[in-house]
Amino acid sequence: MKTLFVSYRVTDLDASLGFYTALGYVELGRVDLGDGARLVILGFPGEPAASLELVHRPGDGPVDVGSGFDHLAIQVDILATTLETLAEAGLEPGPAQHPGGPHGPKTSWLTDPDGYRIELVEWPPGHADGITAADFA
């Protein structure tokens, strides 16, 4: 088994698409569910498959993220460059942080239009792609 993608319900599809495309996602396809409801499938360029689905059901009213969801983590190549690009696109990423100390990952946080939190992560040189069991050994 493997995880296919994360799916978020969104209040304003246009605002969410603007946010996620500014973040670097590209639209791979859409599904019309009827009654104005739609699914939009997104992925980052170079990913072999979709990684995010936006679900827009206007009849269900505004999204309430609640307290059960924490965040989506996204790996970036160079955090400083990413933060600059996002700020130029009108997004408001937080400052770079070093939660593992000066030789650990660099991170920054931002929030999408519905309140979903996103952690941007730049791994230190030599780190494997993504998190693996080796990170906990």
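Here is how the numbers come out for the structure above:
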item: Count - residues of the range 1-35 that are more than 22 Å from Thr85 (Cα to Cα), open to solvent by less than 40 Å² (accessible area, probe 1.4 Å) and either without any contact (Cβ under 8 Å) to a residue 12 or more places away in the chain or assigned to a loop (DSSP other than H, G, I, E, B) (or both); result: 1
item: Contacts under 6 angstrom Cβ, first residue in the range 49-64 being hydroxyl-bearing (Ser, Thr, Tyr), partner open to solvent by 30 Å² or more (accessible area, probe 1.4 Å) and part of a loop (DSSP other than H, G, I, E, B), 6 or more apart; result: Ser51/Phe5
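The values are calculated or read from the model by the stated rules, or taken from the named source; none is laboratory data. Fair warning: this is a prediction, and the values are worked out from it, not measured in the lab. When we count neighbours, we look across all protein chains shown, and the Cβ atoms used for this are built from the backbone with ideal geometry, even at glycine. The accessibility values were calculated without ligands, DNA or RNA, using every heavy atom of the protein model including side chains. Shrake-Rupley method; radii C 1.70, N 1.55, O 1.52, S 1.80 Å.
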